[in-house]
Amino acid sequence: VDNAGDFVLSPSYVCFLRYLVAEAVLLGGKNAAIAGTVVAVPTLVACRVLPWAKHNLNYTAQALIISAACIAGFFITADKTILRNARQNTIGRIDKST
């Protein structure tokens with residue numbers, strides 16, 4: 001049996017990792033709320049004012065447009081936060097080894 005992939009993380013490091021994930025979720029949620037608001041206003045106004053949008057965009061289409069912006073905002077921000085933290089963690093490990 002090859003146990004080369006088995007490793008044990010210290011409880012403090014696990015707590016640190018949970019903090020990093022919680023930070024990414026929090027920032028992603030904030031950005032999703034902002035993106036949803038920024039997209040919702042012009043979408044809803046356009047569906048009330050523009051004849052093409054009024055005719056072609058029903059409530060489901062409006063909800064999909066707004067939710068797509070929220071989802072994209074969340075995942076882009078969360079991904080950037082996780083990558084930033086991973087980069088800082090890697091740089092910290094390199095600095096400790098030299």
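The values are calculated or read from the model by the stated rules, or taken from the named source; none is laboratory data. None of these values were measured; they are calculated from a predicted model. Cβ coordinates were reconstructed from backbone atoms using ideal geometry, including for glycine residues, and neighbour counts include every protein chain displayed.
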Cross-chain or 6+ apart pairs with Cβ under 6 Å, segment 16-34 first and closer than 8 Å to residue 74 by Cα and in contact (Cβ under 8 Å) with a residue 40 or more places away in the chain, then aromatic (Phe, Trp, Tyr) and surrounded by 13 or more Cβ atoms within 10 Å (Cβ to Cβ):
28/74; 32/74
So for segment 2-25 (the condition being at pLDDT below 95, more than 23 Å from residue 82 (Cβ to Cβ) and small (Gly, Ala, Ser)), does at least one residue qualify?
yes
Quick one: how many residues across segment 44-78 are over 24 Å from residue 24 (Cα atoms), under 22 Å from the mean Cα position of the chain (by Cα) and among the polar types (S, T, N, Q)?
1
Do we have any residue at all in segment 84-95 that's within 20 Å of residue 31 (Cα to Cα), in contact (Cβ under 8 Å) with a residue 24 or more places away in the chain and polar (S, T, N, Q)?
yes
Picking from 43, 81, 37, the residue that is surrounded by 10 or more Cβ atoms within 10 Å (Cβ to Cβ) and within 30 Å of residue 93 (Cβ to Cβ) would be 81
Log entry, pairs with first residue in segment 44-55 being closer than 13 Å to residue 66 by Cβ and without any contact (Cβ under 8 Å) to a residue 24 or more places away in the chain, second being hydroxyl-bearing (Ser, Thr, Tyr) and surrounded by fewer than 10 Cβ atoms within 10 Å (Cβ to Cβ), beta carbons closer than 9 Å, six or more apart or on different chains, reads 47/59
